[in-house]
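What follows is a single structure, written as structure tokens, with notes after it.
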Amino acid sequence: MTIKGKAYIAGIYEHPTRHAPDKSTAQLHAEVAKGALEDAGLTIADVDGYFCAGDAPGGAWPMVDYLGLDTGKLRHIDSTETGGCSYIIHIGHAAEAIAAGKCSVALVTLAGKPRTSVMPPRAAGAEVDFEAAYGATTHNAYGMCAMRHMHDYGTTSEQLAWIKVAASHHAQYNPHAMLKDVVTVEDVLNSPMISDPLHRMDCCVVTDGGGALIVTTPEIARSLKKPLVRLIGHGEAMKGPRGGKNLDLTYSAGVWSGPPAFEEAGVTPKDIKYASIYDSFTITVLMQLEDLGFCKKGEGGKFVADGNLISGVGKLPFNTDGGGLCSNHPVNRGGMTKILEAVRQLRGEAHPKVQVPNCDLALVHGTGGLLGVRHAASTAVLERV
Amino acid sequence: MTEAKTQEKTYPAPQGNPETMPFWEAAKEGRFLIKRCKACGEAHYFPRAICPFCFSDKTEWEQASGEGEIYTYSLMRKSATGPYAIGYVKLKEGPAVQTNFVDCDLGALKIGQKVKVVFKPTDGAPLPFFTPA
């Protein structure tokens, strides 16, 4: 059994807002759902599968009701919550459901307002008494990974800075990007230290907004007007300290989510023409590139340096919308926008200055949770037919 | 570079539960406990009733040395309660422990540095932290 070629991404929409004090979170979900359905050429009445994660107010049942989904028709619901990579997991689960005949038009939504409203705290697990007091945040949890990666492999702040530099080169062409200025390695190194060794410019933006997409059957996709983009490989995994044995923060769960995705797709990292790589922090990108096999473990610093991630300049164009580092990181969850830019690239709808020529094979990879504590990862390989 | 020192902070009291209460009772006496599995011999942290490595229920409390070395850390400079250094310690007994480093120059921490446990009071049981040995 495989999901290869069984499901197509037929509709995408990224909310243009980055600051939404005048809208509700549920409203943003509805607006992105409407945008994705219109992009596909479908209507809300066509939806028979719904996917959302922890950002959906109240979870799946209030959202299904609020959106007005036809509950006589809705027959597949999935609220898998793995933080920022939830939506990459969702497209895999949607493909499985479609392949099994459990639904035919799956809607996936993400939206929220971290800039204008207080985010609910992360739900605590069994570890709470043994960790809560120590103040793990995104910044310092990723900082701990970067610190150890530098120690073990000699990775430098200059190398990490190149990742932000590449993202900024792309963001200058995105009219909706929160940060449109091109920055230099020096700019990154001169930005204030937030949590050693990560500077402010090693960190992604915080934005209100959201995005949505439609996953559907090959038959329905072919009946629509958009270029055909399909899922051909998918993987998901989790990693944590697991009792503290052999703790190694220099690799992520991407070492387990990547290989099955590549194998299912029948491709290797060398074949990938464009990559959307989760960029909550610069170190996130570097570790994931290593974990996915774009370079050897420990050589990520060399790989990302000197503009290798800049479209038209380097070997692996990444995050051509400006990514989370410059454009958008709605609800502190970057997985959705990673998928959306990969689909734009495959459709040929990216900005002409960053569009990869004849882009027919793209990779989407993300993490969720805290890389230095416990996290999930998901990898998807997408193909233009 | 940084003159950041540990600030006197208040920490949340552990809530405890039937599975972990012996840990907190020992902490009140200044003893740092880990769990070890009699079936596979592995030690683990934080403590569980069932071994996370072999899933045996033959786990026993063991008093740890409280000594170890810094595996990694990050000095969080932007915090409403002042700078703090979060990190992991690899205990002599093996398991890694998430913690904060306290009572020291936070700007001088190093990976590999030898550290030892120190308990800090809360409104309930004290919490384990680490400081240079």
Give the residues of the range B:108-133 that are part of a loop (DSSP other than H, G, I, E, B) and more than 10 Å from every other protein chain (Cβ to nearest Cβ), sorted by residue number. B:Gln113, B:Pro121, B:Asp123, B:Pro126, B:Ala133
Considering residues that are at pLDDT 95 or above, acidic (Asp, Glu) and under 30 Å from B:Ser74 (Cβ atoms), the number found within the range B:1-47 is 2
With the condition kept exactly as written, say whether any residue in the range B:23-32 is at the interface with chain A (Cβ under 8 Å from one of its Cβ atoms) and not charged (D, E, K, R). yes
Matching residues, the range B:53-107, being of a type in the set (Phe, Trp, Tyr), outside any loop (DSSP other than H, G, I, E, B), within 7 Å of chain A (Cβ to nearest Cβ) and more than 11 Å from the chain's Cα centre (by Cα): B:Tyr71, B:Tyr73, B:Tyr84
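Residue-by-condition table, conditions (1) in contact with a helix residue (DSSP H, G or I) (Cβ under 9 Å, 6 or more places away or on another chain); (2) under 17 Å from A:Glu131 (Cα atoms):
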position: B:Phe55; (1), (2): no, no
position: B:Tyr71; (1), (2): yes, yes
position: B:Ser74; (1), (2): yes, yes
position: B:Ala85; (1), (2): yes, yes
position: B:Ala96; (1), (2): yes, yes
position: B:Asp103; (1), (2): no, no
position: B:Ala108; (1), (2): no, no
position: B:Gly112; (1), (2): yes, no
position: B:Phe130; (1), (2): no, yes
Hey, B:Lys116 in contact (Cβ under 8 Å) with a residue 24 or more places away in the chain, surrounded by fewer than 18 Cβ atoms within 10 Å (Cβ to Cβ) and within 11 Å of the chain's Cα centre (by Cα) or not: yes
I'd like to verify a number: residues in the range A:45-60 that are free of Cβ contacts under 8 Å to residues at least 12 places away in the same chain and either of a type in the set (A, V, I, L, M, F, W, C) or on the phi < 0 side of the Ramachandran plot (or both), how many? 0
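This table checks each residue for (1) touching an Asp or Glu at 6+ places or on another chain (Cβ under 9 Å); (2) surrounded by 19 or more Cβ atoms within 10 Å (Cβ to Cβ); (3) part of a loop (DSSP other than H, G, I, E, B).
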site: A:Thr2; (1), (2), (3): yes, no, yes
site: A:Asp22; (1), (2), (3): no, no, yes
site: A:Glu31; (1), (2), (3): no, yes, no
site: A:Lys34; (1), (2), (3): no, no, no
site: A:Glu38; (1), (2), (3): no, no, no
site: A:Leu42; (1), (2), (3): no, yes, yes
site: A:Tyr50; (1), (2), (3): yes, yes, no
site: A:Ala56; (1), (2), (3): no, yes, yes
Taking the condition of being farther than 25 Å from A:Ile77 by Cβ and within 14 Å of chain B (Cβ to nearest Cβ), how many residues in the range A:202-238 meet it? 3
Hey, among A:Arg148, A:Arg122, which residue is basic (Lys, Arg) and part of a loop (DSSP other than H, G, I, E, B)? A:Arg122
Residue that is farthest from B:Pro126 (Cα to Cα), among those in the range B:41-60 that are in contact with a Lys or Arg (Cβ under 9 Å, 6 or more places away or on another chain) and surrounded by fewer than 15 Cβ atoms within 10 Å (Cβ to Cβ): B:Ser56
Considering only residues that are touching a Gly at 6+ places or on another chain (Cβ under 8 Å) and either farther than 25 Å from A:Gly210 by Cα or without any contact (Cβ under 8 Å) to a residue 40 or more places away in the chain (or both), which ones fall in the range A:124-142? A:Asp129, A:Ala136, A:Asn140
Do we find that B:Ile50 is within 12 Å of chain A (Cβ to nearest Cβ), assigned to a loop (DSSP other than H, G, I, E, B) and modelled with pLDDT of 95 or more in this structure? yes
Checked the range A:92-109 for anything assigned to a loop (DSSP other than H, G, I, E, B) and surrounded by fewer than 24 Cβ atoms within 10 Å (Cβ to Cβ); matches are A:Ala100, A:Gly101, A:Lys102, A:Ser104
If a residue must be surrounded by 20 or more Cβ atoms within 10 Å (Cβ to Cβ) and more than 28 Å from A:Gln355 (Cα to Cα), how many such residues does the range A:168-196 contain? 3
Filter result (surrounded by 14 or more Cβ atoms within 10 Å (Cβ to Cβ) and within 12 Å of chain B (Cβ to nearest Cβ)) within the range A:110-130: A:Glu127, A:Val128, A:Asp129, A:Phe130
Hey, among the residues in the range A:173-185 that are in contact (Cβ under 8 Å) with a residue 24 or more places away in the chain and out of contact with any strand residue (DSSP E or B) (no Cβ under 6 Å at 6 or more places or on another chain), which one's nearest to B:Tyr84 (Cα to Cα)? A:Val185
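The values are calculated or read from the model by the stated rules, or taken from the named source; none is laboratory data. As the structure is a computational prediction, the values presented were derived from the model and not from experiment. In this analysis, Cβ positions are derived from the backbone assuming ideal geometry, glycine residues included, and neighbour counts consider all displayed protein chains.
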